[in-house]
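Input: a single structure, listed below in C-alpha cells.
The values are calculated or read from the model by the stated rules, or taken from the named source; none is laboratory data. This structure is a prediction, so every number in the text was calculated from the model and none was measured. All Cβ positions, glycine included, derive from the backbone under ideal geometry; neighbour counts span all protein chains shown. For accessibility, only protein heavy atoms count, side chains too; no ligands or nucleic acids. Shrake-Rupley method; radii C 1.70, N 1.55, O 1.52, S 1.80 Å.
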Amino acid sequence: EDSAVPHVGAIPWDTGDAASILRAVRSLTGNDYGDISVLSPDGVYYSSIGGVVQSESPAPLQYNTAQGVVETSDGGLLMPLQMEDKGEGISSILQQRDHTGPYRRIRTDSEHPCIGARGNFFLPQWYVFVSGDTHANTRDTPHVYFGIAYDAAGGGRVDIEGGISYHPRGRGVRRNGREEGKDPGSPPPSYARWMPYMRIRIEKPRKQGTDTDKYIPVVGTTRSDLSWDMVQYGYVVDINLRINSEARFREKSAVLEIKAWRYLIDTDPDSPYYQHTFVGVAKVPDFTRGNPRVRRVISMAQNGIPKDDQDGWRRTGSFARYIGVGYVSRITLEELNEVQVFCNGWQQWTPSFGGDVRVFPNEQVVKVEDFLPIEQYFREVVTVDLR
C-alpha cells in the first residue's frame, strides 16, 4: 500500500500550529496514540512525546559538514555520520570515503528513474552493543538508512539521507569532554535508544571560490527516540524515503516517513500500535541532469579517523548483529515487507535496478548471515561486528 508520503500537501504547514500539524500527520499515517515527531519544509520541528506537544525553531540538531557529525546548536557532539565524498559529479558524492567506519551499501544505477525506497527492518534486542569506551573517540553509532543523491538542475549536488541510529545508555551530547543531556549541565539519558534522523545536503556550485553548501537541519532529538530498554524482542521499523514529484506541488520535496513498533508486543500485524512515527519534509532542487541514485546502508559510523588513515576504521568491540532487512531475524524468522524502490511506481528492488554492492572493510567485519535465504537487494540479514 502507499504510505502517507504522497499526501504531505494535506498538512497545514502554513499555520505553524503544532497541534493542527501533528493531528493532520497522525491522520495521514494512522498513528493515533504513539509518540510523533515532524520536520516541516521550513525546518521547524514539531513533536508530541509522552503527550507533551512542542515546536522548536530552528530544529535542535544540525549537520557539521567539515567534521561529518551531527551537533546541537551550541556545538555539542551527538553522533558521526558516514561521510560523502565532495568531489565532482554524481559518482563522487555517492562514494563513501572509507575512513568513517564499516558499512554495507546497496545502490541503484543512474539508468533507471528511481526516486525513493521503502522497506521493513528488524532490530533484534540483545544483539546491539556499543562500547562506552568509544564515547570520547570513535563514538561508534550503528545506522540503518536509505539515501538518495543526484545532480541538481542548474548545477550542484543533492544528497538526502533518512533512517535511524543507535545510542547506548549514558551517551548524550558531548560537551567539554563529558556526556550531557540536551541542555548543558544536565545528565545524559540513562537508557539505550534508537533515534530517527533526516539529513539533507544541498551543495551549490562554487562561486568565486566560495563554498555555498546549504545544510538542512538533521532531525531527531534526545526527546525523540525508541527506548531500547523497554523492548522485549526488538523493533520493526518501516522506513520510507522518496522525492515527491507530483505536479500539484510547486516545489520538489524530500519526504521521509518512519514508523516503529515493538515486535510481538504491539501486534495486530495489519494495524500495529506505533511506538513512534516520524515524518520529515524538506524542499530540494529539481533534477534534470540524469536520474538520482538510491542507496540502502547498514553501518557502524565512527568519528575522528583521519582521511588518509590506512585502515579507515577501528576495532572497538561494538557490534550490531542480525539486523533484519525484510526478515525477523533470530526469533520467528518470518518475512516482513521487502525493500522496494520507487521507479515509475513501487517495485521490488532487484538486480535490474543496479548491481552496486559495496562492503567496507571486508566480509568478516560486515557480513550477510546465511541462516535465511539471501536476496541481497530486498531481503537479507546483516551483521557489523567490531570485536
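So for segment 104-111 (the condition being over 18 Å from the mean Cα position of the chain (by Cα), under 30 Å from GLY345 (Cα atoms) and of a type in the set (Gly, Ala, Ser)), does at least one residue qualify?
Within segment 104-111, the first condition is being over 18 Å from the mean Cα position of the chain (by Cα), and the residues that meet it are 109-111.
Add one more test, that the residue is under 30 Å from GLY345 (Cα atoms), and what stays is 109-111.
Still in the running and of a type in the set (Gly, Ala, Ser): 110.
The answer is yes, given that some residue of segment 104-111 is over 18 Å from the mean Cα position of the chain (by Cα), under 30 Å from GLY345 (Cα atoms) and of a type in the set (Gly, Ala, Ser).
For segment 309-340: of the residues being β-branched (Val, Ile, Thr) and assigned to a strand (DSSP E or B), which is surrounded by the fewest Cβ atoms within 10 Å (Cβ to Cβ)? Lay out the reasoning, then the answer.
Going through segment 309-340, the residues β-branched (Val, Ile, Thr) turn out to be 316, 323, 325, 328, 331-332, 339.
If we keep only those that are assigned to a strand (DSSP E or B) too, we end up with 323, 325.
On the way: ILE323: 24, VAL325: 27.
Taking the candidates together, the pick is ILE323.
Report, by residue number, each residue of segment 66-83 that is within 19 Å of PHE146 (Cα to Cα) and outside any strand (DSSP E or B). So that I can check it myself, show each step before the final result.
Of the residues in segment 66-83, the ones within 19 Å of PHE146 (Cα to Cα) are 68-70, 79-83.
Across segment 66-83, the qualifying residues are GLY68, LEU81, GLN82, MET83.
Among the residues of segment 341-353, write down those that are assigned to a strand (DSSP E or B) and either buried (at least 19 other Cβ atoms within 10 Å of the Cβ) or not polar (S, T, N, Q) (or both). First the steps, then the outcome.
Taking segment 341-353 and keeping what is assigned to a strand (DSSP E or B), we get 341-343, 346-348.
Passing the criteria: VAL341, PHE342, CYS343, TRP346.
Among residues belonging to segment 358-387 that are at pLDDT below 95, among the hydrophobic types (A, V, I, L, M, F, W, C) and assigned to a strand (DSSP E or B), point out the one that is farthest from THR316 (Cα to Cα).
Among them, the one singled out is VAL359.
Can you list the strands (runs of 3 or more DSSP E) found entirely within segment 132-200 that contain at least 3 residues being open to solvent by less than 10 Å² (accessible area, probe 1.4 Å) and in contact (Cβ under 8 Å) with a residue 24 or more places away in the chain?
Values: elements: 141-151, 157-167, 173-175, 178-180.
Passing ranges, in order: 141-151, 157-167.
Can you name the residue in segment 41-62 that is surrounded by 15 or more Cβ atoms within 10 Å (Cβ to Cβ) and in a loop (DSSP other than H, G, I, E, B) and is also modelled with the highest pLDDT among such residues?
If we take residues in segment 41-62 being surrounded by 15 or more Cβ atoms within 10 Å (Cβ to Cβ) and in a loop (DSSP other than H, G, I, E, B), then VAL44 is modelled with the highest pLDDT.
Check CYS114 against each of (1) modelled with pLDDT under 90; (2) open to solvent by less than 40 Å² (accessible area, probe 1.4 Å); (3) farther than 26 Å from GLY172 by Cβ and name the one condition it does not meet.
(1)
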